Structures are given as structure tokens and as C-alpha cells.
Amino acid sequence: MINPTEIEQYFDTNLAACRGADISLFYPDSRSMRYRPKLRATEFCKKCKVIQGCLDYALRFEPLGIWGGTNEVEREILRRQEKINLPMERSQSVAVRRALRSGRIKKQIEQLKNG
């Protein structure tokens, strides 16, 4: 559950482009978490004034959904690069666990390191 005190430390939610949008757009079920749902959700992110604060918050607290223009796997890659850990009570999503098991996250991090 989102803690309003925590989130407001990172960005003003009143300025978020997605404020008032259908939340299911940002939390597509794992079977449909493909190109199209992320594209629709990130249309809000592209015009958002608080995208960086949203991403900073999500890296520290949000294992699920689209936040700061990123999906669950993209944020996990950033967390590993930045050495950020989610709180223990926030478990990784199914998509992240699959990507870890398949080696996809490790491969992408290596590719980023090697340019």
C-alpha cells in the first residue's frame, strides 16, 4: 500500500500527469504486461512534470506497475545498478522473478556496463 507521507517526500502527487487516470492502466496483469499496456501508461509519463521524483520513489518502494515511465523489470535493473533494495515487506513481482531466473536482468546490466 502506498504511504502518502513517503510518496510526498519524493514528488507532489497533485502535479502528476496520471492523477485521476484509470489505475488499471498502470497495473496491467502480468500476462498482458507487454509493449502496448506500457506504451499507453507511459504516454502520461512523457508529459509529466514529476517523472523523476516518481521514479525515485518507485525505485525505493514500488515493485509493481508502471512508475516514472518504467515497468517492473526496468526498475529492477536500475535498482541493481544503483544498489537500491526494496523494503523486505515489498516482494518482487512475478515479471521480475521470471526475468531473474531467465538471466535477462543480468544480461541487460552487462550490456549497459559494456556500452
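Beta carbons closer than 8 Å, at least 6 apart along the sequence or on distinct chains, pair a first residue in the range 53-79 that is in contact (Cβ under 8 Å) with a residue 12 or more places away in the chain and of a type in the set (Phe, Trp, Tyr) with a second that is part of a helix (DSSP H, G or I) and crowded, with 20+ Cβ neighbours inside 10 Å for Trp67/Cys54; Trp67/Leu55; Trp67/Tyr57; Trp67/Ala58; Trp67/Arg75.
Report, by residue number, each residue of the range 68-115 that is surrounded by 17 or more Cβ atoms within 10 Å (Cβ to Cβ) and farther than 19 Å from Ala58 by Cα. The answer is Gln108, and nothing else.
Listed here are the residues, each with its yes/no results for (1) modelled with pLDDT of 90 or more; (2) part of a loop (DSSP other than H, G, I, E, B).
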position	(1), (2)
Ile2	no, yes
Ala17	yes, yes
Lys38	no, no
Leu59	yes, no
Pro63	yes, yes
Ile84	yes, yes
Glu89	no, yes
Ala95	no, no
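The values are calculated or read from the model by the stated rules, or taken from the named source; none is laboratory data. None of the values given here were measured: they were computed from a predicted structure. Don't worry about glycine lacking a Cβ; one is built from the backbone with ideal geometry, like all the others, and counts go over all protein chains shown.
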